[in-house]
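The values are calculated or read from the model by the stated rules, or taken from the named source; none is laboratory data. Keep in mind that what you see is a predicted model, and the values were worked out from it rather than measured. Because the Cβ atoms are built from the backbone with ideal geometry, glycine has one as well, and the counts that use them run over all protein chains shown. Quick note on the areas: whole protein, heavy atoms, side chains included, nothing else; ligands and nucleic acids left out. Shrake-Rupley method; radii C 1.70, N 1.55, O 1.52, S 1.80 Å.
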Amino acid sequence: MATDAEIFEAYGDWKSRGNANPRLVRMLRGWDRSVHLVASDTGSEFTLEVRACVLGDLVSGRQGPADLIVTASSEDFADLFWGDLNPSVKYQNGEIVLAGSSEDVMRLDALSMVAFLDQ
Amino acid sequence: MSAPQTGAAGLRRAMGFPAAVSTSTGLAFAALEYLAAAGLVTYVAGDSAWISLLVAGLLALLAWGFFGELNGMFPTAAAIRRYMSRAMDDRVALAITFTYLSTIVLVVAADAFIVGAALTHVLRAPAWLTALWTAVLLGVAVISNLRGIKAASWLQNSATLVAVVATTAVSVIAVVRSHVALVTPFQPLGHHGPAGFLESVALGIFLYSAFEWVTTNAEEVRDPRHIHRGMFLAVLILFVGCSALAVAMGHVLTHGELVSAYPQLYLGRAAWAAGGMWLMAGVTAVTALNTFNGGFITASRFVYATAREGSLPPPLARLNDRAVPWVPVVGLGVLSFLVSLVVLAVGGAAWQVLVAVGAALEAMIYAVAAFCVLRLRRILPDEHRPFRIRLVRPVAWAGLVLFSVMGLVASVSVDNRFSPVPLGIIAVMGAVATWYALVEVPKLRAAEAARMAARPTRRRPARPAAGLLDDGSPGSAASPVRPGPREVDADGETSS
């Protein structure tokens with residue numbers, strides 16, 4: 001079980017790498033979204049915003065309405081943000097649950113792919 | 001581990017019930033519907049065609065029950081992979097899924113060809129121009145997809161409404177204007193006997209097929225119940241629209257018109273002369289919008305996800321700057337164009353072979369769904385099922401047997417004659433898919449595992465070994481020490 005602090009730390013690393021990745025910045029063009037993260041084991045909730053091709057800070061709690069809701073274990077969130085986990089496999093197994101449109105899910109998957117494969 | 005459940009409640013944009021109904025109806029109501037309805041009429045006395053569709057509709061409701069239960073258990077776009085891999089060996093599940101996926105290629109190819117043929121006919125252009133129209137249509141579909149353009153929900157809903165309402169209205173008007181009363185509305189065995197009726201039911205199932213593709217929208221509906229309720233209403237709407245279409249075609253069209261590549265244009269002409277023909281050409285083009293939109297997105301995303309899990313070559317998981325898996329999109333466009341070229345080159349009733357293959361594959365997947373329901377009831381008896389089939393054993397067994405028989409019947413008949421060609425095509429596709437799943441997938445997974453193992457060390461920092469984290473909370477054994485090089489198992493999971 002990962003603590004909220006670990007998830008914040010992992011996200012900070014992911015955000016830095018993501019915002020420094022020119023390909024990811026291109027992929028985020030026109031995709032301003034609010035994503036809610038729900039840790040199924042700890043009950044912790046977070047919100048991350050993407051605005052003007054930039055990944056914003058992670059904030060505790062659900063802030064406003066979401067475009068996407070991601071539910072996973074706290075360990076999976078931490079591993080995912082560190083780029084140590086292939087989220088596709090977890091998604092196919094049903095351990096990561098998504099709610100949102102298929103286009104938004106694809107964008108989020110692109111984000112995670114950049115983190116996972118360091119592309 | 002039981003999957004965490006969540007819904008789309010709280011989403012800024014979520015799919016409502018009307019959108020679920022129109023998506024389910026629109027995915028089924030493709031341009032190929034017109035040719036399948038005309039083909040059905042050649043098997044059964046035209047005025048009684050609605051009886052075949054009623055029986056097929058009742059069978060479709062059986063399939064609705066299966067998909068409702070399975071989708072309720074796995075409310076995700078990846079549901080088909082999840083319930084099939086739980087219910088059977090993963091390699092068998094992959095082989096079946098790949099074969100099923102080929103239905104989408106056939107439907108997209110057939111729709112592009114049908115719209116192209118309809119345009120050629122109304123413009124009185126040379127036949128070879130059909131290939132050009134087909135290329136242009138598929139080209140537009142590919143480019144739109146690559147640019148991440150998806151038809152807005154309201155546009156999809158409107159297209160479905162226009163297609164179903166206009167087709168039903170034209171069908172009724174054509175019958176009324178024929179000034180001849182229905183002669184044999186209650187004699188389904190009148191002209192062709194029980195075998196012909198059985199074949200017409202098998203083809204009738206195809207008229208409902210793809211209504212279940214709406215289950216891939218499970219993650220975006222406001223209420224999970226919208227999916228199975230939407231599918232139910234879609235089956236009813238399809239019964240009304242397709243019955244009117246088939247009865248009208250059987251009543252007013254000649255055999256030559258029925259076996260053409262554009263029977264709907266003749267139906268339009270019977271209703272409103274040249275204006276009706278143009279109207280139906282327009283409606284045919286509108287139906288293609290849903291097929292191209294839904295078909296391309298469904299197939300390309302599925303291929304992408306399968307490549308991401310390591311069961312298809314990695315290039316199929318490449319994304320363009322709009323986060324679109326461009327290789328599957330282009331591949332689907334090219335493959336569909338080649339299939340439509342073959343149909344054009346072979347000529348005659350080649351498109352009827354596509355209909356037969358599609359009908360057989362759909363019946364097959366419905367039988368597989370019945371099997372999955374039975375198997376999962378046995379191995380996961382306590383899993384949460386928001387929608388449960390009553391009397392599941394007799395119902396699912398009946399579905400398994402009936403759909404298997406229907407699939408077999410559809411696969412050996414073309415234009416009311418015995419033909420092993422559809423069965424041969426399915427056998428080849430199934431053999432290729434099986435060979436791929438058994439031989440190539442293990443190699444791909446091993447290569448992916450090796451590639452992942454060669455990556456640098458795990459990036460996540462180690463936790464304090466004492467079992468207490470910096471904030472004083474107890475740590476887990478996940479990363480007690482600074483990890484070494486990654487090890488990746490066959491599923492792509494990393495460990496240290």
> Considering only residues of region A:25-39 that are at the interface with chain B (Cβ under 9 Å from one of its Cβ atoms) and in a helix (DSSP H, G or I), which is nearest to A:Asp67 (Cα to Cα)?
Replying inline: A:Met27
> Name the residues in region B:245-256 that are open to solvent by less than 30 Å² (accessible area, probe 1.4 Å) and farther than 16 Å from B:His179 by Cα, would you?
Replying inline: B:Leu245, B:Ala246
>> Out of B:Thr76, B:Thr160, B:Thr97, I need the residue that is outside any helix (DSSP H, G or I) and within 18 Å of the chain's Cα centre (by Cα). Which one?
In response: B:Thr76
> Among the residues of region A:49-56, is any of a type in the set (Lys, Arg), in a strand (DSSP E or B), farther than 26 Å from B:Arg86 by Cβ and out of contact with any His (no Cβ under 6 Å at 6 or more places or on another chain)?
Replying inline: yes
>> Checking the condition open to solvent by 30 Å² or more (accessible area, probe 1.4 Å), closer than 30 Å to B:Phe74 by Cβ, more than 14 Å from chain A (Cβ to nearest Cβ) and within 18 Å of the chain's Cα centre (by Cα), which residue from B:Phe206, B:Phe232, B:Phe211 passes?
In response: B:Phe232
> Pairs, please: C-beta under 8 Å, at least 6 apart or cross-chain, first residue more than 8 Å from chain A (Cβ to nearest Cβ) and in region B:70-83, second assigned to a loop (DSSP other than H, G, I, E, B) and open to solvent by less than 20 Å² (accessible area, probe 1.4 Å)?
Replying inline: B:Asn71/B:Ala218; B:Gly72/B:Arg385; B:Met73/B:Arg385; B:Pro75/B:Ala218; B:Pro75/B:Glu219; B:Ala79/B:Ala218; B:Tyr83/B:Phe74
> If you go through region A:52-76 one residue at a time, how many are farther than 17 Å from A:Glu103 by Cα and either surrounded by fewer than 19 Cβ atoms within 10 Å (Cβ to Cβ) or free of Cβ contacts under 8 Å to residues at least 40 places away in the same chain (or both)?
Replying inline: 14
>> Going by what's in this entry, would B:Leu408 be described as out of contact with any Ser or Thr (no Cβ under 9 Å at 6 or more places or on another chain), at negative phi and open to solvent by less than 10 Å² (accessible area, probe 1.4 Å)?
In response: no
>> Among the residues of region B:299-356, what is the count of those that are surrounded by fewer than 18 Cβ atoms within 10 Å (Cβ to Cβ), assigned to a helix (DSSP H, G or I) and within 14 Å of chain A (Cβ to nearest Cβ)?
In response: 2
> Out of the residues in region A:12-24 that are within 22 Å of B:Leu319 (Cβ to Cβ) and in contact with a strand residue (DSSP E or B) (Cβ under 8 Å, 6 or more places away or on another chain), which is farthest from the other protein chains (Cβ to nearest Cβ)?
Replying inline: A:Asn19
>> Only one of B:Ser243, B:Ser260, B:Ser209 is modelled with pLDDT of 95 or more and in the same structural domain as B:Ala181 (by TED's automatic domain parsing). Can you tell me which?
In response: B:Ser243
>> Against the definition (open to solvent by 10 Å² or more (accessible area, probe 1.4 Å), among the β-branched types (Val, Ile, Thr) and more than 14 Å from chain A (Cβ to nearest Cβ)), how does B:Ile51 come out, yes or no?
In response: yes
> What is the residue count in region A:76-95 for residues that are at pLDDT below 85, facing chain B (nearest Cβ under 7 Å) and within 17 Å of B:Ala305 (Cα to Cα)?
Replying inline: 5
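If only one of B:Ala261, B:Ala271 is farther than 30 Å from A:Met113 by Cα, away from chain A (no Cβ under 14 Å), touching a residue at least 40 places away in the same chain (Cβ under 8 Å) and not in a helix (DSSP H, G or I), which one is it? Step through it out loud before you land on a result.
Working: B:Ala271 fails: not in a helix (DSSP H, G or I).
Testing whether each residue is farther than 30 Å from A:Met113 by Cα, away from chain A (no Cβ under 14 Å), touching a residue at least 40 places away in the same chain (Cβ under 8 Å) and not in a helix (DSSP H, G or I) leaves just B:Ala261.
Rundown of residues vs (1) open to solvent by less than 40 Å² (accessible area, probe 1.4 Å); (2) modelled with pLDDT under 90; (3) aromatic (Phe, Trp, Tyr); (4) not assigned by TED's automatic domain parsing to the domain that holds B:Asp111, yes/no style:
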position	(1), (2), (3), (4)
B:Arg177	no, no, no, no
B:Ala181	no, yes, no, no
B:Gly190	no, yes, no, no
B:Gly193	yes, yes, no, no
B:Val201	yes, no, no, no
B:Arg222	no, yes, no, no
B:Leu236	no, no, no, no
B:Ala271	yes, no, no, no
>> Name the residue that is farthest from A:Ala10 (Cα to Cα), counting only residues in region A:101-114 that are in contact (Cβ under 8 Å) with a residue 60 or more places away in the chain and either outside any helix (DSSP H, G or I) or at the interface with chain B (Cβ under 7 Å from one of its Cβ atoms) (or both).
In response: A:Arg107
